[in-house]
């Protein structure tokens, strides 16, 4: 589900590169960017917690996955 959210296309007005601070703050308020940011944070936390071999149990399958 997180991959689907992260791969969702954005409207062109939210995706074009810009250096303008006002446009950046306006984009930060966009619901599409907020959803993608939350999905990215959750995905990062899942991978940093469960893909770390130091935190896994002694199970070989679990260590192989991480």
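The numbers here are math on the coordinates, done by the rules we state, and not lab data. Keep in mind the model is a prediction, meaning the values are calculated, not measured. Note that each Cβ is placed from the backbone with ideal geometry, even for glycine, and that neighbours are counted across all protein chains shown.
Here is how the numbers come out for the structure above:
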read-out: Extension gain, residue 41 back to residue 7 (0.36 nm per residue minus Cα-Cα distance, nm); value: 10.8 nm
read-out: Residues 30, 48, sorted so that the one with the fewest Cβ neighbours within 10 Å comes first; value: 48, 30
read-out: Nearest-0.05 FRET efficiency for residue 25 and residue 49, computed from C-beta distance (R0 25 Å); value: 0.20
